[in-house]
Amino acid sequence: MECIQLRSDSQKITQAINYLAKKSGGQIDKLKTIKLLFFADRYHLRKFGRPLTNDNYFAMDLGPVGSETKDIIDQTVYLPKNVKAYAAKFLEKIDNTVKSREDVDRAVFSKSDTEALDFVWDVFGKFTGFQLKDISHKYPEWKKHEEILKAGTLSVPMDYLDFFNDPNPRFYNLCHELTGEEKEIGRDLLLELSRVENAWG
């Protein structure tokens with residue numbers, strides 16, 4: 001079965017980065033930001049049946065990496081011009097940090113989106129980027145790719161369906177606990193979301 005990946009929301013990703021930078025006093029470490037948004041997507045998917053950003057994740061040596069999140073922070077050539085211009089209005093990369101340039105446009109967020117961002121800041125915001133990298137390695141959606149990464153593969157596509165699995169040991173924060181039945185419902189919602197996106201091209 002192919003990995004479930006979705007159509008990322010560049011405006012929401014930009015504003016989520018901006019939101020976390022504001023939480024951090026106006027500037028935030030790049031690696032920390034990428035990991036916080038991974039945990040925000042995990043939380044939102046498990047609790048509400050869809051990710052926050054819809055970003056496409058890859059397992060890498062430094063943990064899960066949202067592809068468009070990284071591109072937006074780095075302002076890479078892979079971004080469409082309109083996405084790059086929008087991101088540049090709100091964000092500025094300085095060395096390995098990202099700085100907020102404008103107030104957060106909260107209109108792009110639902111109430112649940114803000115809840116997920118506040119959750120990850122409250123739970124994971126105290127950690128450094130490298131500490132979050134180590135924590136993210138304990139989660140099954142990354143851990144299933146650990147051996148192939150150790151063998152030298154640089155990146156492997158991650159499957160959103162795996163975000164419903166629990167880390168072992170369970171003392172790692174689940175980013176919203178689910179019963180077995182709730183996990184099945186969540187997976188069904190995700191598959192339907194993927195089918196709808198594919199139907200619309």
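Filter segment 155-170 for residues that are assigned to a loop (DSSP other than H, G, I, E, B) and in contact with a strand residue (DSSP E or B) (Cβ under 7 Å, 6 or more places away or on another chain) and give the result. Ser155, Met158 - these are the residues of segment 155-170 that are assigned to a loop (DSSP other than H, G, I, E, B) and in contact with a strand residue (DSSP E or B) (Cβ under 7 Å, 6 or more places away or on another chain). Return yes when Leu149 is assigned to a helix (DSSP H, G or I), under 21 Å from the mean Cα position of the chain (by Cα), closer than 20 Å to Ser136 by Cα and in contact (Cβ under 8 Å) with a residue 60 or more places away in the chain and no when it is not. Yes: the conditions hold for Leu149.
Does at least one position in segment 159-181 carry a residue that is of a type in the set (A, V, I, L, M) and over 19 Å from Thr53 (Cβ atoms)? Looking for residues that are of a type in the set (A, V, I, L, M) and over 19 Å from Thr53 (Cβ atoms), one finds at least one in segment 159-181, hence yes. Of all residue pairs spaced 6 or more apart or on separate chains, those with beta-carbon atoms under 6 Å, a first member in segment 114-135 that is over 15 Å from Ser24 (Cβ atoms) and a second member that is of a type in the set (Ser, Thr, Tyr) and surrounded by 14 or more Cβ atoms within 10 Å (Cβ to Cβ) are Ala116/Tyr43; Phe119/Tyr43. Among the residues of segment 18-62, the ones that are crowded, with 23+ Cβ neighbours inside 10 Å, more than 9 Å from the chain's Cα centre (by Cα) and either at pLDDT below 95 or assigned to a strand (DSSP E or B) (or both) come to 2 in all.
Every residue, every condition in (1) modelled with pLDDT of 95 or more; (2) among the β-branched types (Val, Ile, Thr); (3) in a helix (DSSP H, G or I); (4) surrounded by 13 or more Cβ atoms within 10 Å (Cβ to Cβ), yes or no:
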residue: Val98; (1), (2), (3), (4): yes, yes, no, yes
residue: Ala107; (1), (2), (3), (4): yes, no, yes, no
residue: Thr114; (1), (2), (3), (4): yes, yes, yes, yes
residue: Asp134; (1), (2), (3), (4): yes, no, yes, yes
residue: Tyr172; (1), (2), (3), (4): no, no, no, yes
residue: Glu181; (1), (2), (3), (4): yes, no, yes, no
residue: Arg187; (1), (2), (3), (4): yes, no, yes, yes
residue: Glu192; (1), (2), (3), (4): no, no, yes, no
residue: Val196; (1), (2), (3), (4): no, yes, yes, no
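Got at least one residue in segment 177-196 being of a type in the set (S, T, N, Q) and within 28 Å of Asp118 (Cβ to Cβ)? The answer is yes; a qualifying residue exists.
Just one of the numbered conditions (1) under 28 Å from Gly125 (Cβ atoms); (2) surrounded by fewer than 13 Cβ atoms within 10 Å (Cβ to Cβ); (3) at pLDDT 95 or above; (4) basic (Lys, Arg) is not true of Lys150: (1). Taken together, the residues in segment 63-96 that are in contact with a Ser or Thr (Cβ under 9 Å, 6 or more places away or on another chain), over 14 Å from Asp9 (Cβ atoms), hydrophobic (A, V, I, L, M, F, W, C) and not in a strand (DSSP E or B) amount to 2.
The values are calculated or read from the model by the stated rules, or taken from the named source; none is laboratory data. Note that the structure is a prediction, hence the values are computed from the model and not measured. Here the Cβ is made from the backbone with ideal geometry for all residues, glycine too, and neighbour counts use every protein chain on show.
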